[in-house]
1. Using a 1.4 Å probe on the protein chains only, how many percent of the accessible area of the stretch 228-329 belongs to carbon and sulfur?
2. Tell me which trypsin sites (Lys or Arg not before Pro) from the stretch 57-154 have a DSSP coil assignment and no more than 15 other beta carbons within 10 Å of their own.
3. If only Cα atoms are counted, what is the Rg of the stretch 84-228, and what is its Dmax, in Å?
4. Can you tell me the dipole magnitude for the stretch 244-328 around its Cα centre, using point charges on the Cβ only (Lys, Arg +1; Asp, Glu -1), in Debye to the nearest 20?
5. Between S361 and K247, how high is the FRET efficiency from 1/(1 + (r/R0)^6) when r is the Cβ-Cβ distance and R₀ = 41 Å? Nearest 0.05.
6. For the stretch 86-158, with all protein chains present and a 1.4 Å probe, just round the carbon and sulfur fraction of the accessible area to a whole percent.
7. Please turn the phi angles of the stretch 114-128 into ³J(HN,Hα) values with the Karplus equation 6.51 cos²θ - 1.76 cosθ + 1.60 (θ = phi - 60°), one per residue in order, whole Hz, x for glycine and proline.
8. For K133, list the aspartates and glutamates whose Cα falls under 16 Å from its own Cα; do not include residues on the same chain fewer than 8 positions away.
Amino acid sequence: MKAITKPFVVMMGILSLTACNANTKQNQQDLAINQTVIETNLKTDKPEIKVALLLDTSNSMDGLIDQAKAQLWEIVNELSYAKCEEQNPNLKIALYEYGNDNLNADEGYLRQVLAFSDDLDEISKSLFSLTTKGGNEYCGKVVKTALDQLNWGDKQDDLKLIFIAGNEPYTQGTVSYKEASKLAHQKDVTVNTIFCGDYNQGISGFWKDGADLTHGDYIAINQNKATVHIASPYDDKILELNEKLNKTYVAYGYLGRQKMEMQAEQDLNAMSYNKANAVSRTVSKSSRLYMNSSWDLVDAEKEADFSYEDLDEKQLPEELKGKSKDEIKSYVEKKRVEREKLQKEIAELNIKRKSYIAKKSDNKNNGLENAMVNAIKTEAKKKNYVWDRQ
């Protein structure tokens, strides 16, 4: 295990999609001194789905941001079924906001909220941090910035996608969207455009052209349409299992304590919409995409370079201090068995839940979730991705 880092190193991870073919306060820095965290080498041989989400956060986009917050978990859940060449791709998500007066004018009224990350809690936290304030929306600039700043890699099997959503002409700003499209081609990135408004108005505003130039999808959505969550008879049981699932995490070090607090905070954020959305988050937490090996001993133990010999007793939770390595290993193993049992139960209940929802749904949703999932599946077919629900 390359696992224990030296002081001042903090692991940060954010939402990433799988595919086939800011500042810290001084007192927090002081607390971090002499703290150690688990650092494991994530496998890079798997294909990845990399999704950069570029959201307009001007005044008129409150509905869009609300949809992103409310539909995140269903998008993640759908992507968890992706498969390529018998491999389950890793998921990485990056987030940008643009068109907000609170952002730096010299930088084009845009901001990288989160670089590519597979930390689903961090992604959720970033979405819930967004606020709106009317400004100038420069689509070409934010697309080019995301292409320049993010680590897209050069693996042929990776699915690399940008989704940009907004409602002003795609041509605004000093950076040409055509220039940004050429750069996207060079990096094998597909740009999908989501116009928030009338379909034909988006075409006249060059949103469709922006997608066509990179062979992406153009979609028009009603950003002000409220997300409809359909309750099911299985929701209460799934949420009950979520409470038990949270108790299987064995936090390690200062980062572990922070991450457990964030986990609870994002549970509450999901519930702030309604029970059904919290259920969707629970399903995500029980999927293979919810990975926490940087701070949770149960997940960390699965990594090839993990070693119990490298653990610092001072950074262990209270229930493990003073225990032998064998006792710690036995405790973690017990939690792993409990978690796997709960994950299986949640997955089985979710199959019944999805069947129930399918019968109740009219399938006429033109919101962000459908736009993104459909575009991803369209692009995924080109690289022989399949969706395996077994």
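1. Numbers: 2260 of 4520 Å².
Result for the stretch 228-329: 50 percent of the exposed heavy-atom area is carbon or sulfur.
2. Details: sites: K69, K83, K92, R111, K125, K133, K141, K144; in loops: K133.
Passing sites in the stretch 57-154 are K133.
3. 15.3, 46
4. Numbers: 13 positive and 16 negative charges, 123 e Å.
The dipole of the stretch 244-328 has a size of about 600 debye.
5. It comes to 0.80.
6. Details: 1050 of 2960 Å².
About 35 percent, which is the carbon plus sulfur part of the accessible surface.
7. 3J(HN,Hα) across the stretch 114-128, in whole Hz: 8, 6, 3, 8, 10, 8, 5, 5, 5, 5, 4, 4, 5, 4, 6.
8. Counting by Cα, and skipping residues close in sequence, K133 has these aspartates and glutamates nearby: D56, D62, D66, E97, D101, E168.
The values are calculated or read from the model by the stated rules, or taken from the named source; none is laboratory data. Being a predicted model, the structure only gives us computed values, none of them experimental. Glycine also receives a Cβ, built like all others from the backbone with ideal geometry; neighbour counts cover every protein chain displayed. Ligands, DNA and RNA are excluded from the accessible area calculation, which covers all protein heavy atoms including side chains. Shrake-Rupley method; radii C 1.70, N 1.55, O 1.52, S 1.80 Å.
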